[in-house]
Amino acid sequence: MKIILNGKKENVQENITLMDLILSKNLNPDTIVVEYNLNIVKKEEWSNTFLKENDSIEVLRFVGGG
Amino acid sequence: MSFYDEYLKYKNFNFNKFFSSVTDNQIIKSINKSKLNIEDFLVLLSPKASNYLEEMAQKAHKLTIQHFGKTILLYTPLYLSNYCTNQCVYCGFNCSNKIKRKQLSLEEVEAEAKAITSTGLKHIIILTGDARKIATVEYIKECTRILKKYFPSIAIEVYAMEQEEYEILVKAGVDLLTIYQETYNEELYDKLHVKGPKKNYRYRLEAPERACRANIRAVNIGALLGLDKEWRRDAFFTGLHAFYLQNLYLDTEVSISLPRIRPHVGSFKPGAIVNNRDMVQFMVAIRLFMPRIGITISTRENSKFRDNIIPLGVTKMSAGSITSVGGHSNKDNYTGQFETSDKRDVNQMKNAIYKRGYQPVFKDWHAI
Amino acid sequence: MEDKLVIGDVVLESRLFIGTGKYSDDKMIPKIIEKSGAQVITVALRRMDFEDKSENVLNYIPKNVRLLPNTSGARNANEAVRIARLARAAGCGNWIKIEVISDNKYLLPDGYETIKATEILAKEGFVVLPYISPDLMVAKSLVDAGAAAVMPLGAPIGTNRGLKTKELIQILIDEISLPVIVDAGIGKPSDACEAMEMGAAACLLNTAIASAEDPVLMAEAFSHSVKAGRKAYLAGLGSVSKYANASSPLTGFLDSIENC
């Protein structure tokens, strides 16, 4: 199925969770924040959040700034 | 939060202790600062600072020219009514004084307006005693409606009102509220105001901010110097009050008057004699503290004093003043609120101002 | 003497806030934090680049330092609010530097949108530090909106031009009851020192340190200059007498007319 990850179309397996997606990208869950269809989803809920066709996911992290 | 809370912060402040601790160094520093704080102002009001009066006057002179140019705005009082329900021991309109009472009819108000207009004056201040059932808000509003035809600026000096009442008058064309606290000393205030609605210290104290909230263009406050035996304390609180209003209501123009107590009907003995030197010290100290504040001096002061303070910080003076009801158009002899000292007419006043190298201004404002 | 800066309910010893952008190598950040003595550090939030293998900037910031995420990239209040909520969700505390810039030419902040964002976020419990042009009316609105400090710019961001807006910042210091933190434009330690002498509560800077030949040494220089300026402010600057007795006195008349 297709999802939008950080603005880009991406093909993923059916029935995967947000946590599965994040781990598949080798990301450290403690240093990122995830917005799922414009809603912030807490880390604790990532494992219960099953992705659907056309979901939009933003993964953000802190960078240097002034 | 109102100015009363601010007042309470300093109410029990030991002024004498502070004044005796003021050093020459502090005074010189306060004079030369580009922006003075409330403590600097107090330093400049100290008895010791009167040794630096000339330095303060030089700076006050520069600041006044910088912000106002070499101009003096002229205005005159128009007494509408001397009915009063208050017993203020220092006032000629005191309800226990046996004087003839009168309130102008609207026709008489118009006659007064015509008489004043013929002198060239454009700014007036209308006054009543404190008798809100006789000189009602509605009456003052009606007078304003008539006077608007003759004068671009109408100030009121009447009893303390509610914000909604100020709103009514502002809408009718009043653009300046003058209201004096008389003395900021709460206990003395209670003694001097024997009875009547004016006895409520706090209601009067908060009147200027009610007017500010009613979007009035300008407010003018002051203390009647000499009521409190420590005039420096009242001078300080006047400055504190003006500073408070200016900070909170940036869109209102704040000015102060420096009235000192004058002889009048009744047997009141002032708490202190405020001399010329004291008056000048207060005037230049407030100018240094608040460079843009308007300063008003009335005809309570004599002509020599008034002529000499023109370069020191004053921005507004009354002229051709008559403090009795209807006195501009009618020579009937009603008792005045107080005795004026500078009896010169508008023309003489104009010439005196020119002679000092200043320009008399008759109109500096017109609402459109 | 106790001289602490209080923002929200946090008591700070250091009055130097620093940014973490523009370093040639983020590895120098710990050293810079140490030498600057800063207790507040700004960071930005960005979309993850999955190809970028660089270390996360948070790994270089000691845990006892307070993070001040900014909303850079926001062009309006809604975007700033969105970024602020994301930053808080990332678990880095509830401080937020509101930075709304819709002007790509000068990078000047948008006061109106900044006020709107501050109002929303303060209600949600954020400690809001808005970055603004030194405009008194905007600053007053921010006080009403619930900001914890105001952060006026000394000069356009990243220009290192110094305190070009000095007169206006002085007005904010005099009139605003919140801490005034000079942010942006400070190029030299002497600029920071001057801001502190004027009575600023703190300085926030980034480019001046990051673009120095030796950023670590410059961080130390700023640490000293901010402290020096603060001490000078507390000590009360002396002044030079400008109003000597004139030859034509203005008060001479007092001796020649009757006294009352």
Rounded to a whole %, the carbon-and-sulfur portion of the accessible area of the protein assembly as shown at a 1.4 Å probe is 50 percent
Expressed as a rounded percentage, what relative contact order does segment C:1-158 have, with Cα pairs under 8 Å and six or more residues apart? 16 percent
Simple spin-label model, 7 Å along Cα-to-Cβ: C:LEU108 to C:LYS123 in nm? 2.9 nm
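Over 27 Å between C-alpha atoms is what I'm after, so list which of B:LYS9/B:LYS171; C:LYS97/C:LYS227; B:LYS198/B:LYS304; B:LYS269/B:LYS355 land there.
On the way: B:LYS9/B:LYS171 35 Å; C:LYS97/C:LYS227 23 Å; B:LYS198/B:LYS304 34 Å; B:LYS269/B:LYS355 37 Å.
Exceeds cut-off: B:LYS9/B:LYS171; B:LYS198/B:LYS304; B:LYS269/B:LYS355.
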Student exercise, segment A:2-60 dipole from Lys, Arg, Asp, Glu Cβ charges, in Debye to nearest 20: 160 debye
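Any idea of the total accessible area buried by the C-B contact, 1.4 Å probe, rounded to 100 Å²? Don't jump to the answer; show the numbers that get you there.
On the way: alone 14220 and 15650 Å², together 27490 Å².
Buried area between the two chains comes out at roughly 2400 Å².
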Name the residues of segment B:50-95, by number, that are at least 20 Å² less accessible with every protein chain in place than in the isolated chain; the surface is that of heavy atoms, probe 1.4 Å, without ligands or nucleic acids. B:GLU54, B:GLU55, B:GLN58, B:LYS59, B:LYS62
Assuming R0 = 22 Å, what is the FRET efficiency of A:ASP30 and C:ASP49, from their Cβ-Cβ distance, to the nearest 0.05? 0.75
Do any residues of segment A:34-66 show a loss of at least 30 square angstrom of accessible area between the isolated chain and the full protein assembly, using a 1.4 Å probe, and if so which? A:GLU35, A:ILE40, A:GLU58, A:LEU60, A:ARG61, A:PHE62, A:VAL63, A:GLY64, A:GLY65, A:GLY66
Long-range Cα-Cα pairs in segment B:220-368 (distance over 26 Å), rounded percent: 31 percent
Largest-first semi-axes in Å of the equivalent ellipsoid built from the Cα gyration tensor of segment A:2-60 are 16, 12, 11
Computed over all unlike Cα pairs, the Kirkwood hydrodynamic radius of segment C:75-189 in Å stands at 14.1 Å
Give me the accessible area buried between chains C and A, both sides summed, with a 1.4 Å probe, in Å² rounded to the nearest 100. 2300 Å²
Amide H neighbours of A:ILE16 at under 5 Å, excluding residues fewer than 5 places away on the same chain, with H built from the backbone geometry, are A:LEU51
Signed unit charges on C-beta, dipole axis of chain B, positive-most listed residue B:ILE309, B:THR335, B:ILE156: B:ILE309
Quick check on segment B:79-119: what are the equivalent-ellipsoid semi-axes from the Cα gyration tensor, as sqrt(5λ), descending, whole Å? 26, 11, 7
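Can you tell me how much longer the chain between B:ASN51 and B:ASN351 gets when fully stretched, taken as 0.36 nm per residue apart minus their C-alpha distance, in nm with one decimal? Mind showing how you got there, number by number?
Values: separation 300, 0.36 × 300 = 108.00 nm, distance 3.27 nm.
Between B:ASN51 and B:ASN351, full extension yields an extra 104.7 nm.
Output the antiparallel fraction of DSSP beta bridges having both residues in the protein assembly as shown, as a percent to the nearest 5. Before the final figure, lay out each step's value.
Details: 23 of 85 bridges.
Of the beta bridges lying entirely in the protein assembly as shown, close to 25 percent run antiparallel.
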Less than 15 Å apart at the alpha-carbon level, and either on another chain or at least 8 residues along: which aspartates and glutamates does that give for B:LYS316? B:GLU253, B:GLU301, B:ASP307, B:ASP342, B:ASP364
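Tell me what the protein assembly as shown gives for mean residue ellipticity at 222 nm when only DSSP H runs of n ≥ 4 count, each as -39,500 (n - 2.57), the sum divided by the residue total, rounded to 500 deg cm²/dmol. Let's see the in-between values first.
Working: 24 runs with 246 residues, N = 694.
The per-residue figure over the protein assembly as shown is -10500 deg cm²/dmol.
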What is the dipole size for segment B:193-238, taken about its Cα centre, with +1 at each Lys and Arg Cβ and -1 at each Asp and Glu Cβ, in debye to the nearest 20? 200 debye
How big is the dipole moment of the protein assembly as shown about its Cα centre under a simple scheme where the beta carbon of each Lys and Arg is +1, that of each Asp and Glu is -1, and everything else is neutral? Debye, nearest 20, please. 2160 debye
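Could you tell me how many cubic angstrom of Cα convex hull volume the protein assembly as shown has per residue?
Details: hull volume 132.3 nm³, N = 694.
For the protein assembly as shown, the hull spanned by Cα atoms encloses 191 Å³ per residue.
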Name the residues of segment B:18-38 whose accessible area, probed at 1.4 Å, falls by at least 30 Å² once all protein chains are in place instead of their chain on its own? B:LYS29, B:ASN32, B:LYS35
If you consider only alpha-carbon coordinates, what radius of gyration and Dmax does chain B have, in Å? 19.5, 60
Between C:SER256 and B:LYS35, how high is the FRET efficiency from 1/(1 + (r/R0)^6) when r is the Cβ-Cβ distance and R₀ = 25 Å? Nearest 0.05. 0.15
Summed over the other residues with a beta carbon less than 14 angstrom from that of A:LYS52, with K and R at +1 and D and E at -1, the charge totals -4
Whole number in Å², please: accessible area per residue of the protein assembly as shown, 1.4 Å probe, ligands, DNA and RNA not counted. 43 Å²
Taking a label point 7 Å from the Cα of B:ASN302 along the Cα→Cβ vector, which residues of segment B:340-368 have an amide N closer than 14 Å to it? B:340-344
Hits among lysines - C-alpha to C-alpha of B:LYS199 under 19 Å, sequence gap 8 or more where chains match: B:LYS11, B:LYS133, B:LYS191
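The values are calculated or read from the model by the stated rules, or taken from the named source; none is laboratory data. Predicted, not measured: the structure shown is a model, and the values here were computed from it. In this analysis, Cβ positions are derived from the backbone assuming ideal geometry, glycine residues included, and neighbour counts consider all displayed protein chains. For accessibility, only protein heavy atoms count, side chains too; no ligands or nucleic acids. Shrake-Rupley method; radii C 1.70, N 1.55, O 1.52, S 1.80 Å.
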